[in-house]
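> Before we start, here is the structure in question, set down as structure tokens.
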Amino acid sequence: MQPKIKHHKCLLFLTVFLWFPLTAFGQGRLLDKKITIQVAGEKIEKVLNRIEQLSGVSFSYNSDIIPGDSLVSFSCINKSIEKTLPIFLGKDFSFKSTGKYIIILQKNNRQEINPTKSKFKISGVVLDARTNRPLPLVTVYDMGSMVSSQSDSFGSFNLTLIPKTNFLAIRCSKAEYADSVSIINTELNETLVIKLFPVEKPLQKLNARSVSEVPIPDSAGIGIIEKIVDKELLVNSQNVVMYDKRIAQLSLFPKVGTNLRMSGAVTNHFSVNLFGGYSYGVAGFEAGGIVNINKSNVDGFQVSCLVNLSGKDVNGFQAVGLLNYTTGNVKGCQISVISNFGADTVKGVQVAGLINVCDKKLSGLQLSPVANISRGDETGAQVTGLMNYAPNPRFQFGLINIADTSDGAPFGVINIIRHGYYAISFNVDELQTGYFNFSMGTRKLYSILGVSGSTANDQNSWGFNYGLGSHFMDKRRFGINVELLNSFINAFGSFDSTTISRVSLSTQLSLRMGKHFYLSAGPSVNTFIADVDNPDVDKFISDALPSKNWHYSSSNTRYDAWLGAYAGLKYRF
């Protein structure tokens with residue numbers, strides 16, 4: 001049988017160059033690939049070759065640990081490679097995947113392998129395969145124990161670990177270089193010379209653009225991570241790409257944890273960080289005492305007392321006491337006592353005690369008592385107690401709503417829409433009350449602020465007006481406005497129990513008289529609402545009401561309704 005790994009005099013050594021930056025194998029975990037195979041009395045080596053052809057992977061192993069001439073018979077239907085291999089190899093092997101390669105290693109025998117737990121030191125140098133120049137900042141690590149080191153300015157490295165098997169898979173990784181995996185014999189000790197080939201990237205033709213058109217990437221999230229995470233961990237996470245996911249991680253600080261200094265290259269299904277943790281990503285659950293930091297995606301549930309930082313997308317649920325910060329897309333729900341920040345698209349819900357920020361498109365809801373900000377071209381719904389801002393929102397509810405262009409409905413006291421609906425009007429009604437109002441918002445929904453006054457029946461009164469309106473049938477010569485207006489009337493010198501509320505629902509036909517001026521008139525339905533058992537208020541209402549009206553009183557409040565009309569002049573901006 002032709003061995004997969006050849007014996008050298010002093011060192012059993014294999015270098016596998018992994019050109020995965022140029023392949024499609026980065027899309028998923030190799031061991032999770034499913035295959036269907038039926039074997040009857042075939043050699044193990046031939047079976048491995050068949051699996052390679054079926055799945056497109058390549059196996060690397062030492063021929064001394066696998067009896068390649070042994071005959072096996074079995075069948076598998078739609079099973080992963082990870083579950084298929086132990087069927088004919090047995091349970092004495094472990095499997096590691098990197099690039100398009102699956103490395104087969106023999107598990108340790110506790111009675112024979114390193115019973116004294118003595119340390120094993122691996123030394124070597126990493127060179128550029130084309131120039132033979134030393135490569136600094138190369139990540140060198142044992143794929144089994146995750147013990148790692150980095151090469152210095154001379155390309156030299158030292159790796160000390162306690163081996164659990166006769167053979168170790170040592171991987172060397174550097175950004176923009178093809179990886180190298182060396183399988184070494186722990187019974188031998190020799191300096192390694194490892195050469196990495198640079199990855200050739202095809203040149204792309206770039207169209208000439210002005211400086212203003214060149215996009216500037218948002219590096220704020222990266223800057224925050226660099227201030228918190230140790231430089232060595234950041235370099236390792238840039239050099240190493242792991243497609244295998246680890247079941248769990250437990251860390252005290254970003255550099256102190258079960259994934260050691262390789263934590264930034266590992267995606268965990270379950271992660272608990274007592275004070276803080278750093279990982280490549282989460283595919284399950286993560287909890288942190290102070291901060292959770294992920295270079296890539298968060299898929300699942302993430303909770304922290306203070307801060308959650310995600311370098312890419314969040315697909316799931318984030319809950320935090322201070323800040324959820326995501327530089328990619330958010331698909332799910334973010335909840336924070338203080339603030340949420342999504343640097344890209346948010347598709348879901350952001351709930352914060354202070355402020356929500358979405359840097360691009362918002363397809364969902366922002367809910368906050370203080371402020372909601374969405375900077376993208378499209379925004380769903382924003383609900384706040386103080387201020388909403390979005391270039392083109394569908395719905396806004398807040399004291400102040402700000403937008404550039406809105407086809408939706410801003411529901412607030414002050415609506416500032418750059419390309420919106422603005423008008424000043426002066427109206428008179430059937431009770432000889434004059435109204436001076438300012439309307440602002442969109443044609444679909446605008447707010448009304450103003451003042452009113454009357455001297456009818458020798459009774460001076462004035463009030464503040466607030467209401468909502470909508471403009472229909474915006475033709476060249478005419479239009480229709482429906483408005484709901486509430487006036488708080490002061491007829492006795494102060495706003496107290498004698499204050500009278502007048503609610504009016506009117507439909508007004510507007511006739512265009514020039515470029516900006518309109519004559520408007522139409523019917524209305526009106527109601528006075530006031531406290532009962534107040535002689536002054538009763539006299540004021542009785543004198544003001546028309547002869548035909550409807551009256552109703554409860555134990556504390558009186559209601560008086562009548563039909564009326566409005567007429568006036570409007571100036572539209």
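Yes or no, residue by residue, for (1) at pLDDT below 75; (2) among the polar types (S, T, N, Q):
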site: 20; (1), (2): yes, no
site: 23; (1), (2): yes, yes
site: 32; (1), (2): no, no
site: 39; (1), (2): no, no
site: 44; (1), (2): no, no
site: 55; (1), (2): no, yes
site: 59; (1), (2): no, no
site: 71; (1), (2): no, no
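> Another one. Residue by residue through segment 273-310, note down the ones that are among the hydrophobic types (A, V, I, L, M, F, W, C) and closer than 25 Å to residue 235 by Cβ.
Of everything in segment 273-310, those that are among the hydrophobic types (A, V, I, L, M, F, W, C) and closer than 25 Å to residue 235 by Cβ turn out to be 274, 275, 282, 283, 290, 291, 293, 298, 307, 309.
> Confirm whether residue 214 is at pLDDT below 85 and outside the structural domain of residue 341 (by TED's automatic domain parsing).
Yes; evaluated as a whole, the condition is true for this residue.
> Of all the residues that make up segment 37-77, how many are assigned to a strand (DSSP E or B) and of a type in the set (Lys, Arg)?
So the answer is 1.
> Return the residues of segment 412-435 that are under 17 Å from residue 489 (Cα atoms), among the hydrophobic types (A, V, I, L, M, F, W, C) and in contact with a Ser or Thr (Cβ under 8 Å, 6 or more places away or on another chain); say none if nothing qualifies.
431
> Could you list, in sequence order, the residues of segment 54-63 that are surrounded by 15 or more Cβ atoms within 10 Å (Cβ to Cβ) and touching a residue at least 40 places away in the same chain (Cβ under 8 Å)?
Of everything in segment 54-63, those that are surrounded by 15 or more Cβ atoms within 10 Å (Cβ to Cβ) and touching a residue at least 40 places away in the same chain (Cβ under 8 Å) turn out to be 57, 58, 59, 60, 61, 62, 63.
> Checking the conditions here, which among 371, 319 is touching a strand residue (DSSP E or B) at 6+ places or on another chain (Cβ under 6 Å), free of Cβ contacts under 8 Å to residues at least 40 places away in the same chain and buried (at least 21 other Cβ atoms within 10 Å of the Cβ)?
Answer to the check: 371.
> Further, regarding this structure: So which of 307, 235, 256, 272 is free of Cβ contacts under 8 Å to residues at least 40 places away in the same chain and farther than 23 Å from residue 330 by Cα?
Sole residue among the options that is free of Cβ contacts under 8 Å to residues at least 40 places away in the same chain and farther than 23 Å from residue 330 by Cα: 256.
> Could you check segment 446-467 and list, in sequence order, the residues that are out of contact with any Phe, Trp or Tyr (no Cβ under 7 Å at 6 or more places or on another chain) and under 30 Å from residue 395 (Cβ atoms)?
447, 466, 467, listed by residue number.
> If I ask for residues that are closer than 19 Å to residue 533 by Cα and either outside any strand (DSSP E or B) or among the β-branched types (Val, Ile, Thr) (or both), which ones from segment 543-563 would you list?
Listed by number, the residues that qualify are 543, 544, 545, 554, 555, 556, 557.
> Still on this structure, I have one more. List, please: which pairs have Cβ atoms under 8 Å, are six or more places apart or on different chains, and start with a residue in segment 21-38 that is outside the structural domain of residue 242 (by TED's automatic domain parsing) and small (Gly, Ala, Ser) and end with one that is part of a helix (DSSP H, G or I) and modelled with pLDDT under 50?
26/20
> Assess whether residue 526 counts as being surrounded by 15 or more Cβ atoms within 10 Å (Cβ to Cβ), out of contact with any Asp or Glu (no Cβ under 6 Å at 6 or more places or on another chain), without any contact (Cβ under 8 Å) to a residue 24 or more places away in the chain and not in a loop (DSSP other than H, G, I, E, B).
No; evaluated as a whole, the condition is false for this residue.
> Let me ask something else. Hey, could you check segment 489-514 for residues that are over 24 Å from residue 569 (Cβ atoms) and hydrophobic (A, V, I, L, M, F, W, C) and say which is surrounded by the fewest Cβ atoms within 10 Å (Cβ to Cβ)?
For segment 489-514, the residue satisfying everything is 495.
> Report whether or not residue 328 is closer than 16 Å to residue 299 by Cβ, in a loop (DSSP other than H, G, I, E, B) and out of contact with any Leu (no Cβ under 6 Å at 6 or more places or on another chain).
yes
The values are calculated or read from the model by the stated rules, or taken from the named source; none is laboratory data. All values reported here derive from a predicted model rather than from experimental measurement. A quick note on method: Cβ atoms are made from the backbone with ideal geometry, for glycine too, and the neighbour counts reach across all protein chains shown.
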